[in-house]
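Structure record follows, encoded as structure tokens.
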Amino acid sequence: MSTKKTHYPEIPRKNLGPGWWLANRHYTVYMIRELTSFFVTAFSLIYIYQVYRLASNPGTYSQYLDTVRSPAMISFSIVALGFTLFHSVTWFYLIGKIQPIKIGRKKTSPLLALGINTVFLVIISFAVLQLFIVGK
Amino acid sequence: MSTVARFHALLWGVFSLGGFIAAFFLPILIYINNIAYPLGLWPVTSKDPTRLLVINQTVSTLFVFAAVGGSLFHGIFRLSATLAELGLKKQEAKITALGYAIIAVGLLALGYYLWLLSPNIIPGLAPPWSK
Amino acid sequence: METDTATIRVARYRPEKSEKPYFQEYKVPYRKDTVVLDALNQVKAEQDGTLAYRWSCRMGVCGSCGANVNGVPKLTCATFLHEFKGKSLTIEPLANFPVIKDLVVNIDDFMEKLLKVKPWIIRDKQSPPEEGEYKQSGKELDRYAQFSSCINCLLCYAACPIYGLNEDFLGPAATALAYRYIADSRDQGKKARFPIVHDLEGVWECTLIGECSVVCPKGVDPMLAIQKTKILGAMEAPKTMLSPETLKAILPRGGE
């Protein structure tokens with residue numbers, strides 16, 4: 001019997017390619033969830049630009065408001081709102097997974113945290129509307 | 001923990017806070033400013049919401065700063081990671097640096113222009129170069 | 001019991017014969033209680049003795065029989081053939097690891113990471129046995145109990161795209177086991193483990209995809225362990241920010 005040991009090459013590990021998130025439904029939902037950040041970022045930057053227009057030159061600000069009224073901007077905003085709400089819902093759900101609401105020593109379903117936080121979202125949104133309507 | 005990792009830990013804390021801010025504050029701002037106002041939907045207003053929110057206001061100006069500033073930080077932090085996952089892993093350091101630059105400029109600009117519009121958010125101190 | 005026949009497609013890699021991996025089909029008889037591992041054992045015993053795969057306990061305890069079944073990491077001893085009736089059934093080695101032969105993968109990378117997080121109780125000073133055991137309440141046990149169920153089967157590493165993109169990522173099981181000790185009231189090893197789990201290739205790489213927790217056969221939630229560890233890191237950072245070591249690293253060194 002030979003004692004000679006032969007090492008055969010392994011198939012090396014391959015890093016995932018850019019399309020990995022299409023491999024299963026969980027990954028795809030995850031990627032949609034993460035891409036909400038594009039709309040959150042884009043809206044924030046657009047809004048900072050609006051504040052800049054208002055502060056730097058109130059005279060030409062009304063021209064910017066025409067941009068706000070343009071169909072392209074409204075369509076973008078509706079899509080951005082949809083994605084932002086998707087961020088809210090998925091964020092609330094994940095919070096429920098990470099810090100589950102406990103009843104005694106029992107953990108509750110993350111859906112409970114999602115529900116409670118959604119109620120908070122509605123209350124906060126109404127409070128903001130008050131901020132903006134009251135006395136104006 | 002390396003110093004860089006320690007900074008990253010702190011920034012992750014801010015990112016997390018920004019996630020809550022974007023989740024709770026951003027939808028209503030997008031709705032009133034960019035959907036309800038241009039389309040004349042409830043609650044209808046003839047004046048644009050931004051002027052109502054940020055000219056000589058304290059509470060609502062701070063709300064706008066928190067909502068937009070927190071969302072910007074959260075969005076860019078998350079977007080950098082997502083771009084790395086979408087095949088730009090090798091460029092991650094550059095993307096992250098660019099991201100922080102945008103965050104810094106964005107937050108400074110937002111804070112400064114809101115201060116110009118509502119100088120009372122910092123009592124007793126007028127913004128420099130204001131008209 | 002009724003017997004049926006299934007066709008399984010198994011990934012083969014036999015470097016002593018050919019450098020190229022390929023698929024081979026086998027027809028195997030199965031009943032309602034036949035698992036994928038039984039099918040592999042049937043092939044090895046009666047059809048093709050060259051097939052290589054790992055297994056030991058065949059009851060979901062040892063963690064050695066993991067494979068990608070139709071692309072999803074599973075314990076082959078806990079995956080029933082009848083669930084795939086009318087569907088094709090492809091068995092591949094666990095993703096994200098180098099392949100040694102057929103379904104056998106090289107897990108050295110994980111073994112190194114596991115050692116790095118020091119998965120044992122660390123005490124500043126061991127108290128002598130006469131002083132009795134280190135006591136723990138039920139509530140304290142709750143904090144880490146689930147994480148101690150990990151059997152190192154590495155399904156979570158095969159399911160984790162972050163590990164798939166970056167081999168340096170500490171990964172789900174190693175962090176879950178680190179947290180199992182971090183959260184243990186008897187342990188005093190935070191100083192030793194925090195630099196590992198809170199490093200840049202540690203928990204911060206995770207973006208909460210959560211597939212590790214979905215595929216875990218033992219009900220462990222590594223995603224939760226990683227998030228809890230992140231929260232600890234974020235709370236720890238401001239405290240250690242002004243430590244002498246950090247200041248030394250940031251401040252210019254005069255005359256040294």
Averaged over its residues, how many other protein chain Cβ atoms are within 10 Å of peptide B:4-17's Cβ atoms? 6
What is the magnitude of the charge dipole of chain C about its Cα centre, with +1 placed on the Cβ of each Lys and Arg, -1 on the Cβ of each Asp and Glu, and no other charges, expressed in debye to the nearest 20? 180
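Based on the mean of other Cβ atoms within 10 Å per residue, sort peptides C:151-157, B:44-50, C:10-16 so the most packed one is first.
Details: C:151-157: 24.4, B:44-50: 15.4, C:10-16: 17.9.
Ranked by mean Cβ neighbours within 10 Å, highest first: C:151-157, C:10-16, B:44-50.
Considering only the other residues whose Cβ falls under 11 Å of the Cβ of B:A81, what net charge follows from Lys and Arg at +1 and Asp and Glu at -1?
Working: positive: B:R78, B:K89; negative: A:E34, B:E85, B:E92, C:E205.
That works out to -2.
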Which residue, chosen from B:I103, B:V14, B:A67, occupies the Cα position most advanced towards the positive end of the dipole of chain B, where the dipole is computed from +1 (Lys, Arg) and -1 (Asp, Glu) charges on Cβ about the Cα centre? B:I103
Contour minus Cα-Cα span, C:E130 to C:T50, at 0.36 nm per residue, comes to 23.3 nm
Nearest 20 debye, what's the magnitude of the dipole of the protein assembly as shown about its Cα centre given +1 on Lys and Arg Cβ and -1 on Asp and Glu Cβ? 400
Label-to-label distance, nm, for residues given as C:V61 and A:H7 (7 Å Cα→Cβ offset): 3.5
Of C:V220, C:V197, C:V35, which has the largest mean-square fluctuation in a 10 Å C-alpha GNM of chain C? C:V35
Report the residues of segment C:3-38 in range of a label on A:K14: point 7 Å along Cα→C-beta, backbone N strictly under 15 Å from it. C:11-13, C:20-23
Say the dipole of the protein assembly as shown comes from +1 at the beta carbon of Lys and Arg and -1 at that of Asp and Glu; which of C:Y144, A:P9, C:F84 then lies farthest toward its positive end? C:Y144
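If you take each beta carbon of peptide A:63-76 and count the beta carbons of other chains within 10 angstrom, what is the mean? Present the calculation step by step, with values, prior to reporting the outcome.
Details: counts 0, 2, 5, 1, 1, 8, 5, 1, 1, 0, 3, 5, 0, 1.
Taking the mean over all residues of the peptide, I get 2.
Taking each residue of C:201-212 in turn, how many C-beta atoms of other protein chains fall within 10 Å of its C-beta, and what is the average? Walk me through the intermediate numbers first.
Details: counts 1, 4, 3, 6, 2, 1, 8, 7, 9, 5, 4, 0.
If you average over the peptide's residues, the count of other-chain Cβ atoms is 4.
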What residue among A:P12, A:P110, A:P71 shows peak mean-square fluctuation when chain A is described by a Gaussian network model with Cα springs under 10 Å? A:P12
On a straight-distance basis, which lysines could pair with C:K125 in a cross-link, Cα separation under 27 angstrom, same-chain partners fewer than 8 positions away excluded? C:K113, C:K116, C:K135, C:K139, C:K190, C:K191, C:K228, C:K239
With the charge dipole of segment B:8-131 built from beta-carbon charges (+1 for Lys and Arg, -1 for Asp and Glu) about the Cα centre, the Cα from B:A23, B:Q91, B:T45 projecting farthest to the positive end belongs to B:Q91
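Every read-out reported here was derived from the displayed coordinates using simple, explicitly stated rules and does not represent laboratory data. A quick note: this is a predicted structure, and the numbers were derived from the prediction, not measured. Because the Cβ atoms are built from the backbone with ideal geometry, glycine has one as well, and the counts that use them run over all protein chains shown.
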